[in-house]
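All remarks here apply to the structure that follows.
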Amino acid sequence: MINQIISDDKQYYMNTFGDRIPLAFTHGDGITLYHENGDAYKDFFAGIAVSALGHSHPKLVEALRDQVGKVLHTSSLYYIENQASLAKALCEASCFDKAFFCNSGAEANEGAIKLARKYFYERNINRFEIITMEKSFHGRTITTATATGQEKYSRPYAPLTPGFCYVPINDIAALKNAVTDRTAAIMLELIQGESGVHPATAEYVQAVRDICDKHGILMIVDEVQTGIGRTGSLFAYQQYGVEPDILTLAKALGGGVPIGAVLANDCAADAFHPGDHGTTFGGNPLATRAGLTVLQTIAEEHLTENAKEVGNYFTDKLSALNSPLISEVRGMGLMIGVEFSSPVARDAWRALLDAHYLTGCVGDTVLRILPPLILTKQDVDEFITSFAEILSKIKED
Ligand SMILES: *Cc1c(COP(=O)(O)O)cnc(C)c1O
């Protein structure tokens, strides 16, 4: 069966993903995913930080079944109870006043960039430039690929959206230098995920806020990957003691149902007037029911606390391996990067896959671990046992 799936994919699906991992999961339960032949895999990647509640969480399954039987979609022509409730829940749990829902991280960032530009348009001030970070990742639309500080994502799609410039993260002097009287916003991830789990320092994030305040420009934080409990608080910004003006979410918010969100304080959000921005699917009854259920379940089951506790336990155990192959273990909560001192990340990733562990790697030197937030210490212990064995074998080679 897998061979048929692969041959259909090769023949009919655009070749954007190349040779994928030859697995096709049919169902899941908790942190386990089942390949079509019945083999069980432990999911330590959560579909790239999406499946926060693991797979087939009974509360999410029940809520979605109920919603599917009621109504899926009505459009933004009408009021939507779940949408209003999720907006309220996100604002009450954060420093923000308003929410807007869309369908993906890229779309959320696109909305945030539009909001920042509209904010100055509204005031008749000619500020439109957005400063972003080198090695950032903000999405795949033309504008968010331009915002992404990695040329490989945007180069083939020129001409790109004008008005973006890039600075190295954690370099306050470079940021100060990059601000001009055209700067509208500074946009960053608090932990750069796609480029290998690189955290912004607390000092830097404070400096971003101070520079924004000093020049009257907007601070946009992309929490598409760090948001919704992953780092040990509902939003990562809460651990930095700094309040952004605009924040974007997606990945884990729907627990696997596609949804993105832009959150903003009233001052920024007021720039959008009726007709300025919109969406057909965004925030529909199904997606927002998923978001509500994810937030409720995270609260009821203390999953942010779990992410913090099990995440710390995990990083401690990885460090305690004392492997000469590992040069650094970094991250926050259950967003973990293992930096190797030699280019063995792919070997480690492949050996973990052979041991039925799903993880990710960035380049040749970073292993990325993004498990569901329901991970237990026992899951970590089992992983560490396998990983230690794998590292000792890599050493022998
Ligand atoms: C994944 C990601 C995005 C893009 O999200 P999509 O849903 O794939 O469009 C944007 N920003 C960050 C930080 C991400 O990790």
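Per-structure values
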{"quantity": "Residue (of 262, 363, 130) at the positive-pole extreme of the chain, dipole from beta-carbon charges", "calculated": "130"}
{"quantity": "Cα lying deepest toward the dipole's positive end in the chain, options 16, 333, 315, charges on Cβ", "calculated": "16"}
{"quantity": "Candidate lysines for bridging to residue 135, where Cα separation is under 23 Å - those fewer than 8 sequence places away on the same chain excluded", "calculated": "114, 152, 176, 251"}
{"quantity": "Dipole magnitude (debye, nearest 20) for region 78-155, charges at Cβ of Lys, Arg, Asp, Glu", "calculated": "260 debye"}
{"quantity": "Percent of beta bridges antiparallel (DSSP, the chain, rounded to nearest 5)", "calculated": "65 percent"}
{"quantity": "Residue-averaged 222 nm ellipticity for the chain, from DSSP H runs of 4+ at -39500 (n - 2.57), nearest 500", "calculated": "-12000 deg cm²/dmol"}
{"quantity": "Cα-projected label distance for residue 214 with residue 158, points at 7 Å along beta-carbon direction, nm", "calculated": "3.4 nm"}
{"quantity": "Between helix 345-354 and the chain: long-axis angle, C-alpha atoms, 0 to 90°, nearest 10", "calculated": "60 degrees"}
{"quantity": "19 Å Cα-Cα reach of residue 317 towards aspartates and glutamates, excluding residues that sit fewer than 8 places from it in its own chain", "calculated": "43, 305, 309, 328, 339, 379, 381, 382, 389"}
{"quantity": "Folded to 0 to 90 degrees: helix 81-92 orientation relative to the chain principal axis, Cα", "calculated": "90 degrees"}
{"quantity": "Acute angle (nearest 10 degrees) that the helix 202-215 long axis makes with the longest principal axis of the chain, alpha-carbon atoms", "calculated": "20 degrees"}
{"quantity": "Taking N as its residue count, the alpha carbon Rg of region 346-397 over 2.2 N^0.38 Å", "calculated": "1.14"}
{"quantity": "For the chain: Kirkwood Rh in Å [reciprocal of mean 1/r, alpha carbons]", "calculated": "21.9 Å"}
{"quantity": "Residue 202-residue 2 FRET efficiency (beta carbon distance; Förster radius 56 Å; 0.05 resolution)", "calculated": "0.75"}
{"quantity": "Proxy reagent accessibility, fewest Cβ within 10 Å first, across 317, 152", "calculated": "152, 317"}
{"quantity": "Residues of region 66-108 with amide N under 19 Å of the 7 Å Cα→Cβ point at residue 270", "calculated": "95-100"}
{"quantity": "Calculated FRET value between residue 177 and residue 327, using beta carbons and R₀ = 30 Å, to 0.05", "calculated": "0.45"}
{"quantity": "Dipole-positive endmost among 242, 231, 388 within the chain (Cβ charges, Cα centre)", "calculated": "242"}
{"quantity": "Within-10-Å neighbourhood charge of residue 338 [Cβ basis; K, R +1; D, E -1]", "calculated": "0"}
{"quantity": "Nearest-20 debye value, the chain charge dipole, Cβ charges on Lys, Arg, Asp, Glu", "calculated": "740 debye"}
{"quantity": "Selected from 11, 83, 225 as most flexible by GNM, with the chain as the system and alpha-carbon contacts under 10 Å", "calculated": "11"}
{"quantity": "Calculated FRET value between residue 81 and residue 35, using beta carbons and R₀ = 56 Å, to 0.05", "calculated": "0.90"}
{"quantity": "Ranking of 1, 133, 332 by count of other Cβ atoms within 10 Å, fewest first", "calculated": "1, 332, 133"}
{"quantity": "Label-point separation in nm, residue 140 to residue 95, each point 7 Å along Cα→Cβ", "calculated": "3.3 nm"}
{"quantity": "For region 169-316, size of Cβ-based charge dipole, Lys and Arg +1, Asp and Glu -1, in debye", "calculated": "240 debye"}
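Throughout, read-outs are computed from the coordinates displayed, never taken from laboratory work. These numbers come from a predicted model, not from an experiment. Neighbour counts are summed over all protein chains in view; Cβ atoms, including those assigned to glycine, are modelled from backbone coordinates with ideal geometry.
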